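Peer 1: This is the structure I want to talk about, given as structure tokens.
The values are calculated or read from the model by the stated rules, or taken from the named source; none is laboratory data. For clarity, every value in this text was computed on a predicted model and none was experimentally measured. Backbone-built Cβ (ideal geometry, glycine too); neighbour counts: all protein chains shown. When the accessible area is computed, the model is the full protein with side chains, heavy atoms only, and any ligands, DNA or RNA have been set aside. Shrake-Rupley method; radii C 1.70, N 1.55, O 1.52, S 1.80 Å.
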Amino acid sequence: MDTQRAGFQRTPRLYVPASLAAGEAVTLKDQQSHYLLHVLRLQQGATFRLFNAVDGEWLAEITSVRKRDLTLRCDRRLREPQPPPDIDYLFAPLKHARLDYLAQKATEMGAGRLRPVITRRTVVERVNMERLRSNVIEAAEQCNLVGLPQVMEPQGLAEMIAQWDPARRLIYCDEASSHNDPLSALREIKPGPLALLIGPEGGFAPDEQALLKAQSFVSPISLGPRIIRSDTAAVAALALLQATLGDWR
């Protein structure tokens, strides 16, 4: 990595949904403005990196500072958009901090879409979608991603299966799976559109297990001999998936 590029990577960055282009002015308000002015203590003339999933990452300069907002001017593009791998991450929602962790780690690990799934034993049935998206954005900002996974609305398991595209292989973590070696099981799957499903803390109900195993597009895998929490399973399973079928190869 050259010295100039390394310097840019140390420049703070922020996700903005606004259009980014050479000479484009971007006004930041509220929390984003407060972060730049009062947390980072940036002043007029300071440079910053702005990014979104459509326009990529841009070097911008603060051109105007007011009491409650500031304006930046886009100078030049540093990186093109980098969409995440075509991997859907499906999960039974968890409580508060553990759901925050799950969303952040799934983003860091390269999930393309986050899809909450309501199962029989799901403890949390109402998902704070704004908080979920905020955690995704925070993880992308901190990990130098130039793109975001899409955050989908919650859906019931049976409804999801009924609407599923069979071309997308659905891999789910099954504590009763006969596949003791998850790597071998994953290597048997042909590359293509993928999805990973992590169930609730109490596992899938018997009828849900039967529903999943009856589908031709579903592949169960084991995560080893120990019982692990759902947020831990999220990281472990995504690492296995990326190493065998994703962009870690």
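Peer 1: Rounded if a/c is under 1.5, else prolate if a/b is larger than b/c, else oblate: which is region 57-144, with a ≥ b ≥ c the root eigenvalues of its Cα gyration tensor?
Peer 2: oblate
Peer 1: Right, next: Would you please state the base-10 log of I(q)/I(0) at q = 0.17 1/Å for region 121-249, with intensities from the Debye formula using one equal scatterer on every alpha carbon?
Peer 2: With no solvent term, the Cα-only Debye profile gives -1.08.
Peer 1: While we're on this one: Can you compute the label reach from Arg249? Point 7 Å from Cα along the Cβ direction, backbone N cut-off under 20 Å, restricted to region 175-212.
Peer 2: 181-197
Peer 1: Where in the chain are the helices, taken as whole DSSP H runs, whose Cα atoms extend 15 angstrom or more along the long axis and whose Kyte-Doolittle mean reaches at least -1.0?
Peer 2: Within the chain the helices that satisfy the rule are 96-108, 129-142, 230-244.
Peer 1: Okay, moving on. Can you give the net charge of the other residues whose Cβ lies under 10 Å from the Cβ of Gly202, counting K and R as +1 and D and E as -1?
Peer 2: +1
Peer 1: Of all DSSP beta bridges located in the chain, what percent are antiparallel, nearest 5?
Peer 2: Percent antiparallel among DSSP bridges in the chain is about 45.
Peer 1: Sticking with this one: If one computes the Cα centroid of region 70-124 and of region 25-62, what distance in Å separates the two points?
Peer 2: Going from one Cα centre to the other spans 22 Å.
Peer 1: Percent of Cα-Cα pairs more than 18 Å apart in region 137-198, please.
Peer 2: 56 percent
Peer 1: Just the number please: accessible area per residue for the chain, 1.4 Å probe, all protein chains included, in Å².
Peer 2: Here the per-residue accessible area is 52 Å².
Peer 1: List the residues, sorted by chain then number, that are 5 or more residues from Leu197 or on another chain and whose placed amide H is less than 5 Å from its amide H.
Peer 2: Under 5 Å from the amide H of Leu197: Leu90, Ile171, Tyr172, Cys173.
Peer 1: Okay, moving on. If you take the square roots of the eigenvalues of the alpha-carbon gyration tensor of region 201-241 and sort them as a ≥ b ≥ c, do you get rounded (a/c under 1.5), prolate (a/b over b/c) or oblate?
Peer 2: oblate
Peer 1: Given the convex hull over the Cα atoms of the chain, what projected area results after averaging over all orientations, in nm²?
Peer 2: In nm², the orientation-averaged hull projection of the chain is 14.8.
Peer 1: I'd like the carbon and sulfur percentage of the solvent accessible area for the chain, probe radius 1.4 Å, heavy atoms only, ligands and nucleic acids excluded.
Peer 2: The nonpolar share, carbon plus sulfur, comes to 48 percent.
Peer 1: Then there is this: Choose one of Ala214, Pro83, Cys143: the residue whose Cα lies farthest towards the positive end of the charge dipole of the chain (beta-carbon charges +1 Lys, Arg; -1 Asp, Glu; about the Cα centre).
Peer 2: Cys143
Peer 1: In the chain, what is the count of Lys pairs whose alpha carbons are under 26 Å apart, counting only pairs at least 8 residues apart or on separate chains?
Peer 2: Here the count comes out as 4.
Peer 1: Arrange the residues Glu208, Glu61 by how much accessible surface each exposes, largest first, with a 1.4 angstrom probe.
Peer 2: Correct descending sequence by accessible area is Glu61, Glu208.
Peer 1: Calculated from DSSP H runs of 4 or more alone, at -39500 (n - 2.57) each and per residue, what is the 222 nm mean residue ellipticity of the chain, nearest 500?
Peer 2: Computed mean residue ellipticity for the chain: -8500 deg cm²/dmol.
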